[in-house]
Amino acid sequence: MKILTPKPFFFDSGKKAVILLHSFSGTSNDMRLMGRMLERNNFSAYAPMFMGHGTAEPMDILNLGGPDKWWQQVNDAVDFLKDHGKDEIYAFGLSLGAIFATKAVEEIPEVRAGGVFGSPVLSKDFKNVRDAFMTYAEKAYEIREVSEIEKYENLRTIDSKIDSMLLDIRNTTTSVGNKLAEIDKPYFIGQGMRDKMVDPEAAKRVAQIVKTADFHQYDAGHVLTINRAHKELEGDVLNFLENIEERNA
């Protein structure tokens, strides 16, 4: 079975541009529906692929990626859009991507506003992320039909490496969380109330801390960009962006 390799995408549709950042075990494909909606409404959409992602080898994420590299990619994404003549830039992220979208809102002057979907920004426990990544890795090896011995050895290696990566991510998350109260740009929060990956209550705490927060809840699970809530989410994100435009007009 041939597996199509996910790729970053850039839908060029006007001067206003949105950076879309995917999750820890996801790819830019998880942002494609959102990207197409933005394109239809005259917003350009750019979804980079975090380093180590989008390959058939889960270990690449641990060996090639990391918060410092992913943050550099967000800065590179802003430069990419500026080079393409975009003069209004926004950043949104899902799960892991939410951490870096928030950091972009906090630290990059060119990012006028942004938001998060299924955000772990105030999460203390990353056990669910660990468990989900191990399940994702196991499925990836089953799809590739590697031998049981190779699968076992690879999973054992991942099990020995993932805690160090999650500690780095948690440290980044903590520093981002510490600056939430300083956010003065419009900030969108979308949270699935059936989310098993991150605590839905944490999203409510973020909404209380960020004085510019626009908080939305959905009767859905974690991956809001492609699950049953995706159309509702897309409509809310579009309204959020258009309201910013009206305020700036």
Cβ-Cβ FRET estimate between residue 5 and residue 215, R0 fixed at 45 Å, reported to 0.05: 0.80
Can you compute the FRET efficiency between residue 36 and residue 175 using 1/(1 + (r/R0)^6), with r the Cβ-Cβ distance and R0 = 51 Å? Round to the nearest 0.05. 0.95
Taking only the alpha-carbon atoms of the range 69-127, what semi-axes of the equivalent ellipsoid follow from 5 times the gyration tensor eigenvalues under a square root, in whole Å, largest first? 23, 11, 8
Could I have the simple spin-label model distance between residue 51 and residue 184, label points 7 Å from Cα toward Cβ, reported in nm to one decimal? 3.4
Under 26 Å from residue 127, Cα to Cα: lysines that are on another chain or at least 8 residues apart: 69, 103, 139, 151, 161, 179, 196, 204
What number, in percent, do you get for the relative contact order of the chain if the mean sequence gap of Cα pairs under 8 Å and at least 6 apart is divided by its residue count? 18
If we restrict to alpha carbons, what Rg and Dmax does the range 131-241 come to, in Å? 18.0, 53
At 1.4 Å probe size, with the rest of the protein present, what percent of the exposed accessible area of the chain is carbon and sulfur atoms? 49
Which percent of Cα pairs goes in each bin when the distances of the range 101-193 are cut into 10 angstrom slices starting at zero? 14, 35, 26, 19, 7, 0
For a label point 7 Å along the Cα-to-beta-carbon line of residue 156, residues of the range 126-150 with backbone N under 11 Å: 149-150
Shape parameters for the chain, alpha-carbon atoms, Rg then Dmax in Å: 17.5, 62
Compute the accessible area per residue over the chain, keeping the other protein chains in place, probe 1.4 Å, unit Å². 46
Helix 96-107 against the longest principal axis of the chain: what's the angle in degrees, Cα atoms only, rounded to the nearest 10? 40
Sort the range 170-212 into rounded, prolate or oblate with this rule: let a ≥ b ≥ c be the square roots of the eigenvalues of the Cα gyration tensor; rounded if a/c is under 1.5, and if a/c is not under 1.5, prolate when a/b is larger than b/c, oblate otherwise. oblate
Rounded to a whole number, what is D in µm²/s for the range 1-112 from Stokes-Einstein with the Kirkwood radius over alpha-carbon pairs (4 °C, 1.567 mPa s)? 93
Stretchable slack from residue 63 to residue 194, in nm (0.36 nm times residue separation minus alpha-carbon distance): 44.0 nm
Hey, if we sort 145, 106 by accessible area with the 1.4 Å probe, largest down, what's the order? 145, 106
Can you give me the Cα centroid spacing of the range 56-79 and the range 83-140 in angstrom? 12
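The values are calculated or read from the model by the stated rules, or taken from the named source; none is laboratory data. What you are looking at is a predicted structure, and each value in this text was computed from that prediction instead of being measured. For neighbour counting, all protein chains shown are included, and Cβ atoms are generated from backbone atoms with ideal geometry for every residue, glycine included. These accessible areas exclude ligands, DNA and RNA; they are computed on the full protein's heavy atoms, side chains included. Shrake-Rupley method; radii C 1.70, N 1.55, O 1.52, S 1.80 Å.
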